[in-house]
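*Asks:* First the structure, then my questions, so here it is.
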Amino acid sequence: MALTDAPACGYDKVNVTVVRVDVHRSSDADDNDGGWQSLVLDPPRRIDLLTLTNGVLEELGTTTLPAGTYTQLRLVLAANGATNPAANSVVLTGAGEVALQTPSGQQTGLKIPVNLTVAEGETADVVLDFDACRSVVRAGQSGRYLLKPVLRALPRIDNGGLSVEGHLAGLPSTGAAVSLQQQGEVVRATVTDAQGRFLLSPVPAGSYDLVVAADGRVTLVMTGVPVSDTGRTTINPAAAPIPLTESAMRRVSGTVGLSGSSEVPDGALVRALQTVGGRTIEWTARPADADTGMYEFSLPIAAPAHAGYSASATSYTFITDTAAAARYTVQVRAPGKVDQTVPVDLSASDQTVNFSFAP
């Protein structure tokens, strides 16, 4: 069992303290049911999720399980007590450390759907992908930060498969976010290292759009990137990095609320989408402020570019999609609500887009 992370937004550290991992064969099993199997961390381990990018994993350990298929997994976190620093916390960029208010899941476990088959005499290897960017919710009026975990379980193999590697040049100081997406949904994401290298691992087998999004840079999309369990997919060698070109940025901001009240829909997630070469991609996403409903994105206005993956290529020619320049769709998702989307044109100025859901 190992832990990894996707990119985070505006934080220097996101710390969680893991107590144990529980698994059960029934997806409907309650806390007090028999049949739970546990991997206990003794002592509990405080982990900065933001160190777990670009293929870096935090090994949580191993345990022996009865053979069978397990369909429920729970990650149990320590509760924040009087300790300093707190068991679960966030360090804001340019500011101090703030305790993360965690849900009741730190006692009962953060539930993750899983399909984990443990064969007799064999090892089953799984990675827990903890998306810090989407899991930390700011509550601006109170100064609180809430942990609402976005988690998924991914298989891992030891032959280098289920992974994608590549290299970029011309990066901003903050690096670039690189993701593998299907139909505009992010499946796996990471950030480049100081040399512009990225490694996405593990990734479920399939065909993906690879999206490169960076502050002050043109967005790049590569279609048809294959992922298999037989070996690593290499986009390009370190000697021939894909260069990023500069772009001016403009902002789209606004609020998300419930009509007739000052409340914010619980779990509201705001996404900035763009259509590039006929493919919808997510440029970024983050939760709306839990108190005010506010959100803000800074997005490139230069035309994005796209290319198709080639296993034999050492360099690529990207085609500019001029029709997509400065044009985005802002989408809001909230549990139990129908998604709302609004097209936005940033070619002339910053824009404000507000969303209102029925109570």
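The values are calculated or read from the model by the stated rules, or taken from the named source; none is laboratory data. As the structure is a prediction and not an experimental result, all values here were calculated from the model. Here the Cβ positions follow ideal geometry from the backbone for every residue, glycine too, while neighbour counts run over all protein chains shown.
*Asks:* Would you check if there is a residue in the range 71-82 being surrounded by 13 or more Cβ atoms within 10 Å (Cβ to Cβ), at pLDDT 85 or above and farther than 26 Å from PRO287 by Cβ?
*Replies:* yes
*Asks:* Which condition breaks for THR292 when tested against (1) among the β-branched types (Val, Ile, Thr); (2) part of a strand (DSSP E or B); (3) in contact with a Gly (Cβ under 9 Å, 6 or more places away or on another chain)?
*Replies:* (2)
*Asks:* Continuing with this model, one more query. Working only within the range 122-144, note down all residues that are more than 20 Å from ARG271 (Cα to Cα) and either aromatic (Phe, Trp, Tyr) or not in a strand (DSSP E or B) (or both).
*Replies:* Applying the first criterion (more than 20 Å from ARG271 (Cα to Cα)) to the range 122-144 yields 122-128, 141-144.
Answer for the range 122-144, where residues must be more than 20 Å from ARG271 (Cα to Cα) and either aromatic (Phe, Trp, Tyr) or not in a strand (DSSP E or B) (or both): GLU122, THR123, ALA124, ASP125, GLN141, SER142, GLY143.
*Asks:* Quick one: which of ASN84, ASN15 is part of a loop (DSSP other than H, G, I, E, B) and in the same structural domain as VAL126 (by TED's automatic domain parsing)?
*Replies:* Testing whether each residue is part of a loop (DSSP other than H, G, I, E, B) and in the same structural domain as VAL126 (by TED's automatic domain parsing) leaves just ASN84.
*Asks:* Here is a follow-up. Would you please name the residue that is surrounded by the fewest Cβ atoms within 10 Å (Cβ to Cβ), looking only at residues in the range 14-51 that are under 15 Å from VAL126 (Cα atoms) and of a type in the set (A, V, I, L, M)?
*Replies:* Only one residue fits best here, namely LEU39.
*Asks:* Right, next: Give all pairs with beta carbons closer than 9 Å in which a residue from the range 279-301 that is on the phi > 0 side of the Ramachandran plot meets a residue that is in a loop (DSSP other than H, G, I, E, B); count only pairs at least 6 apart in sequence or on separate chains.
*Replies:* GLY293/SER262; GLY293/GLU263; GLY293/VAL264; GLY293/PRO265; GLY293/ALA268; GLY293/ASN354
*Asks:* So, one more: Can you name the residue in the range 25-59 that is outside any loop (DSSP other than H, G, I, E, B) and β-branched (Val, Ile, Thr) and, of all such residues, is modelled with the lowest pLDDT?
*Replies:* First pass over the range 25-59, keeping only residues outside any loop (DSSP other than H, G, I, E, B): 37-51, 58-59.
Filter again for β-branched (Val, Ile, Thr), leaving 40, 47, 51.
Numbers: VAL40: 95, ILE47: 94, THR51: 90.
The qualifying residue modelled with the lowest pLDDT is THR51.
*Asks:* Would you kindly identify the strands (runs of 3 or more DSSP E) lying entirely within the range 167-249 that contain at least 2 residues that are outside the structural domain of CYS133 (by TED's automatic domain parsing) and over 25 Å from PHE130 (Cα atoms)?
*Replies:* 220-227
*Asks:* So in the range 324-359, with the set limited to residues that are among the basic types (Lys, Arg) and in a strand (DSSP E or B), which one is farthest from the chain's Cα centre (by Cα)?
*Replies:* The extreme case among them is ARG327.
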